[in-house]
Amino acid sequence: MKHLLTIEQLSEAEINEVLALSRQVKARRGQPLPHPPLAGQTWGLIFTKASTRTRVSFEVGIRELGGSSLYLSSKDIQLGRGETVADTARVLSRYLYGVIIRTFAQSDVEEFAQAGTIPVINALTDDEHPCQILADLFTIQEKLGDLKGKRITFAGDGACNVARSWIFAAAKTGMELTIAAPPGYQPRPALLARAGGNIRVTEDLATAARNADVLYTDVWVSMGKEDEAVDRLRVLAPYQLHSGLVRPETLVMHCLPAYRGKEISAELLDARQHDIFDQAENRLHVQKAILTLLAA
Ligand code: CP
Ligand code: NVA
């Protein structure tokens, strides 16, 4: 693996390699590393969108692997004043050992990887959120065992970045994914055809939830979609996850941040917070595995 730009570009073997190493990394946290994989390296985080989990877990992970991190808000570097992505990549490749980018256009992340000479990690774009979904797969494996044949229902904005990454992840790992979303918020048929696998789209959340091993949701107003907030909150309202939809054995997941009373009821989030915050913790372990593989 040279970069982590999308789940779509990963093979099943690469996904399994990340998951297997994540298990070791998690089990060994806190023990001294005889050969810290990022020793002497500085990695940059270029973020044009807000972040709590991704930023902090990457910065902590880099430090725990023996490296240093530099947080570069796009407002503070010349990129924000019109310097091209390609020139930024060429310059930063002379200083840094790798970059982690959160931004709007997927093409910016791809262009950075093309023009630069260092590993690039997609920390969320409008198209994909691969680090989140790898941590989610790891969490499901930890809690439910083998991924193959597990049934996951994603409720809400089925066209958002997290849902898109899930479509590719489910197809590659042999999970059965149902997207429960209203018209206008469903993934495009061309995307589903590209992904292959066992993916269904429905407007009927109640039925999709009843059959699920995992019930997953994400915010209704993704970063960059704030202008559409009024419409989104109205149209997506029937897709809230609440305790009436889940069986005791259903694993409830949320990538966070959560808006209680919107995509998930406060009651359900609080009842299942142990699993949901395990999911958030796993971002750290899985990203340390990703960094280790890319630095090798
Ligand atoms: N889930 C996630 O990526 O959270 P942040 O936006 O806080 O990084
Ligand atoms: N779909 C959300 C994910 C946040 C982690 C967004 O893009 O804002």
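Every number here is computed from the coordinates shown, using simple stated rules; none is lab data. Computed from a predicted structure; not experimentally measured. All Cβ positions, glycine included, derive from the backbone under ideal geometry; neighbour counts span all protein chains shown.
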**Item:** Positions within the range 109-124 being touching a Leu at 6+ places or on another chain (Cβ under 9 Å) and either part of a loop (DSSP other than H, G, I, E, B) or more than 16 Å from ligand 1 (Cβ to nearest atom) (or both), in sequence order
**Value:** 110, 112, 113, 116, 118, 119, 120, 123
**Asked** Does the range 205-212 contain any residue that is within 20 Å of the chain's Cα centre (by Cα) and either within 15 Å of ligand 2 (Cβ to nearest atom) or at negative phi (or both)?
**Response** no
**Prompt:** From the list 74, 68, which residue is farther than 27 Å from residue 278 by Cα, in contact with a Phe, Trp or Tyr (Cβ under 9 Å, 6 or more places away or on another chain) and among the polar types (S, T, N, Q)?
**Reply:** 74
